[in-house]
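The values are calculated or read from the model by the stated rules, or taken from the named source; none is laboratory data. Nothing here was measured: the structure is a model prediction, and the numbers come from that model. Cβ placement follows ideal geometry from the backbone for every residue including glycine, while neighbour counts extend to all protein chains displayed.
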Amino acid sequence: MSERAEGGAPGSALGSFAVAAALAVLGLFMLWETWSIPVSISYARIGPRVFPALVAAGLVINALWLAIEAWRSSHPAGADEPPIYWPALAWVSAGLLAEAALLERIGFVLSATLLFVLTARGFASTALLRDGMIGLVLALLAWLGFTYGLGLRLPGGPLDALI
Amino acid sequence: MEALSGLLDGFSIALAPQGLFWAFVGVLLGTLVGVLPGIGPALTVALLLPVTLKLDPTYAFIMFAGIYYGGMYGGSTTAILLNTPGESSSIITAVEGNLMARRGRGASALATAAIGSFVAGTLATLALSLLAPFIVELALSFGPAEYFSLMVLAFTTVSAVLGASLPRGLASLLFGLALGLVGIDLQTGQARFALGLPQLLDGIDVVVVAVGLFAVGETLYMASRHRYGKDEIIPISGSLMMTRQEWARSWKPWLRGSALGFPFGALPAGGAEIPTFLSYMIEKRLAKRPEEFGKGAIEGVAGPEAANNAAAAGVLVPLLTLGLPTSATAAIMLAAFQQYGLQPGPLLFANAPELVWGLIASLYVGNLMLLVLNLPLAGLWVRLLAIPRPLLYGGILLFAGLGVYTLNNSTLDLLILYLVGLVGFVMRCFGFPVAPAVIGLILGPLAEQQLRRALAISQGDMSVFVTQPLSAALLAIAAAALIGPILWRWRRRAV
């Protein structure tokens, strides 16, 4: 990953606050959950709660630190960063969620092809047919390799009827 | 010379046909994923984990090591010709090497990077072979308190070095530690943070998190920025043979870079980024023509590339001798060891010498293969850069989904993959480094184990970590890594 050079931290101040808040919420939730881990007497001192409590407390304290950093940061909101292009994000997300929802219904090959096409669409590809063909071939090769090469069973969908 | 006989045995494995075959597969794959933007060695090894279960661990690790080294070589090609650093340690190469390429000296930049990587990789592997037995000896005397403090040190340095700021590195680390806690506590059998989902009792798989952060997060990030800016591939020009003058200007930076990179990698000090910057600054100061720096000076590629590769080899020292990963790829390799029921550390050298020494010997072999693969064939690899982005990222996600689903044949894993990917996307947008999360996830459970062992021995007395001298020293260094930069900033502000 490309890290930015010295200077202001990336991301808008408002967004940084949101991230800090999310981390604080995660830490507090973990503290709450840690409290509910049952502990038997014999493990009381070094039981299953100690380490989670440390991590949760660390998350909360660090979230405060992040918030202070965001508050102090003079970095103007999104100065050198282009704005996020949300439609692209939506296409790729749709592809991933579709695969999770459909894989066991229509099989690996078709759901993976769908993921491939939707991801390509997210990267502004308009050659739908080309993407579909390439995705299908890749998915089919992977499926064949797993089924016959490695002996691992992937849901075949319509292919299950053929073999 | 125990090490020598071990190494000789290792070579008998690495040079046997099977060893050579898997090393070749590894370096080939490694170069491929190193060259391709958006996919790196950590992701590749993670995706291969489920597939390699049936492979003999020795050959699996020979292949993984090949991927690790190959990724370094391939990454520098992309950095030079595309000006996109695959990872933070090739930022310098991306700047100076790309400037060389723009001035029509791309071939020389590629050559000095490849040969420098070979020299540094070989020297560092030699240092690894010599140093490892001593550290193993030392590590045998470590108790749980020392191990825990050592892990704390690794946590803090990794968080402090990577990313836009210290709290961001720590946030990433803590997120990984939190994910690592999900599942059944092995000592008491209590479920923790499983949210009532039976699938979560086994914990969240490292592969899901690594692939989510590296593949899905990266793809979402690139997709959201894709409309802006076009990649510009600079064609290789000039001969791949360096001129006599270029050799003369390269060999000293290679050696200095190696000497600088290895210790940084070998100490649990957080990888390859710092030594590459240091090497660049040193070369600039020592150069006869410092004015060329910033316009494409060959020393500015030779030194940092050597430092980068030497550090990569150095990272294997704490990984193999102490079981301590300090980079994302090393963390995934630790997960691979666990998959085979092996625990890297001093005992590994005693229990599975053929694996460890076979792995180390294969590094020498792999380096030589990489030199041959990269120098004459650079033009071939460059063509990979021309793969259209929609197809490249479509393919990355296709294989990401495949690898994650086959872990447990569970679509819940695919959903977690997406959610982790969203987190990774936010992390990229806000400059949170990803590697500490992966390291925290894998090392966290081990750290907890050592903490509880140490406290069980001391009967709950927390002071055990500061009363034992070695443990106290390690914690002091960790504290310095955390607080040092803050104090430094205050002092500068005061002056």
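Every listed requirement among (1) part of a helix (DSSP H, G or I); (2) surrounded by fewer than 24 Cβ atoms within 10 Å (Cβ to Cβ) is met by B:ALA307 save one, (2).
If the condition is being of a type in the set (A, V, I, L, M) and closer than 18 Å to B:PHE64 by Cβ, then the stretch B:323-352 contributes B:LEU324, B:ALA328, B:ALA330, B:ALA331, B:ILE332, B:MET333, B:LEU334, B:ALA335, B:ALA336, B:LEU342, B:LEU348, B:ALA352. Looking across the stretch A:99-110, the residues that are touching a residue at least 24 places away in the same chain (Cβ under 8 Å) and assigned to a helix (DSSP H, G or I) come down to A:LEU103, A:GLU104, A:ARG105, A:ILE106, A:PHE108, A:VAL109, A:LEU110.
Restricting the stretch A:111-129 to residues that are assigned to a helix (DSSP H, G or I), at pLDDT below 95 and more than 8 Å from every other protein chain (Cβ to nearest Cβ) leaves a set whose member that is nearest to A:LEU159 (Cα to Cα) is A:LEU129. Taken over the stretch A:145-163, residues that are assigned to a helix (DSSP H, G or I) and more than 12 Å from chain B (Cβ to nearest Cβ) amount to 5. Going through (1) within 20 Å of the chain's Cα centre (by Cα); (2) farther than 23 Å from B:GLY203 by Cβ one by one, B:PRO344 falls short only on (2). In the stretch B:370-397, of all residues being touching a residue at least 60 places away in the same chain (Cβ under 8 Å) and buried (at least 24 other Cβ atoms within 10 Å of the Cβ), the one that is nearest to B:THR125 (Cα to Cα) corresponds to B:LEU370. Close Cβ contacts (under 6 Å, 6 or more residues apart or on different chains) running from residues in the stretch A:49-70 that are under 16 Å from B:ALA164 (Cβ atoms) to residues that are of a type in the set (Ser, Thr, Tyr) comprise A:ALA70/A:SER16. Scanning the stretch B:359-404 for residues that are facing chain A (nearest Cβ under 8 Å) and farther than 23 Å from B:ALA46 by Cα returns a single hit, B:PRO388.
Just a yes or no: is a residue in the stretch A:89-98 touching a Pro at 6+ places or on another chain (Cβ under 8 Å), more than 7 Å from chain B (Cβ to nearest Cβ) and in contact (Cβ under 8 Å) with a residue 24 or more places away in the chain? Taking every residue of the stretch A:89-98 in turn, none turns out to be touching a Pro at 6+ places or on another chain (Cβ under 8 Å), more than 7 Å from chain B (Cβ to nearest Cβ) and in contact (Cβ under 8 Å) with a residue 24 or more places away in the chain. For the structure I just gave you, tell me whether B:GLY180 is modelled with pLDDT of 90 or more and either over 18 Å from the mean Cα position of the chain (by Cα) or more than 9 Å from chain A (Cβ to nearest Cβ) (or both). Spelling it out, B:GLY180 is indeed modelled with pLDDT of 90 or more and either over 18 Å from the mean Cα position of the chain (by Cα) or more than 9 Å from chain A (Cβ to nearest Cβ) (or both). Looking across the stretch B:310-323, the residues that are touching a residue at least 40 places away in the same chain (Cβ under 8 Å) and either among the aliphatic types (A, V, I, L, M) or not in a helix (DSSP H, G or I) (or both) come down to B:ALA310, B:ALA311, B:ALA312, B:ALA313, B:VAL315, B:LEU316, B:VAL317, B:LEU320, B:LEU322, B:GLY323. Please find, within the stretch B:425-474, the residue that is nearest to the other protein chains (Cβ to nearest Cβ) out of those that are within 20 Å of A:VAL55 (Cβ to Cβ), assigned to a loop (DSSP other than H, G, I, E, B) and of a type in the set (A, V, I, L, M, F, W, C). Once the filter is applied, the top-ranked residue is B:VAL434. Does the stretch B:461-472 contain any residue that is within 30 Å of A:ALA22 (Cα to Cα) and over 25 Å from the mean Cα position of the chain (by Cα)? There is no residue in the stretch B:461-472 that is within 30 Å of A:ALA22 (Cα to Cα) and over 25 Å from the mean Cα position of the chain (by Cα).
I'd like to know if the stretch A:68-88 contains one or more residues that are at the interface with chain B (Cβ under 8 Å from one of its Cβ atoms), over 30 Å from A:LEU26 (Cα atoms) and in contact with a Phe, Trp or Tyr (Cβ under 9 Å, 6 or more places away or on another chain). Looking for residues that are at the interface with chain B (Cβ under 8 Å from one of its Cβ atoms), over 30 Å from A:LEU26 (Cα atoms) and in contact with a Phe, Trp or Tyr (Cβ under 9 Å, 6 or more places away or on another chain), one finds none in the stretch A:68-88, hence no. Whenever a residue of the stretch A:11-30 is more than 9 Å from chain B (Cβ to nearest Cβ), its partners that are crowded, with 22+ Cβ neighbours inside 10 Å and assigned to a helix (DSSP H, G or I), lying with C-beta atoms within less than 6 angstrom and at least six residues away or across chains, give the pairs A:ALA13/A:ALA70; A:PHE17/A:ALA70; A:ALA24/A:ALA63. Looking only at residues in the stretch B:163-175 that are more than 7 Å from chain A (Cβ to nearest Cβ) and over 15 Å from A:ALA22 (Cβ atoms), the one that is modelled with the highest pLDDT is B:LEU173.
Within the stretch B:190-224, being within 9 Å of chain A (Cβ to nearest Cβ) and part of a loop (DSSP other than H, G, I, E, B) holds for B:GLN190, B:PHE193, B:LEU195. Could you list, in sequence order, all residues of the stretch B:324-341 that are buried (at least 19 other Cβ atoms within 10 Å of the Cβ) and outside any helix (DSSP H, G or I)? Answer for the stretch B:324-341, where residues must be buried (at least 19 other Cβ atoms within 10 Å of the Cβ) and outside any helix (DSSP H, G or I): B:LEU324, B:PRO325, B:THR326, B:SER327. Looking only at residues in the stretch A:32-54 that are at pLDDT 80 or above, assigned to a helix (DSSP H, G or I) and under 11 Å from B:ARG452 (Cβ atoms), the one that is farthest from the other protein chains (Cβ to nearest Cβ) is A:VAL50.
Go through the stretch B:111-148 residue by residue and tally those that are in contact with a Phe, Trp or Tyr (Cβ under 6 Å, 6 or more places away or on another chain) and part of a loop (DSSP other than H, G, I, E, B). The qualifying residues number 0.
Residue pairs whose Cβ atoms lie under 9 Å apart, separated by 6 or more positions or on different chains, with the first residue in the stretch B:478-495 and under 18 Å from B:THR326 (Cβ atoms) and the second modelled with pLDDT under 75, are B:ALA481/B:ALA269; B:ALA481/B:GLY270. Among the conditions (1) under 26 Å from B:VAL211 (Cα atoms); (2) of a type in the set (Gly, Ala, Ser); (3) more than 14 Å from the chain's Cα centre (by Cα), the only one that B:GLY358 does not satisfy is (1).
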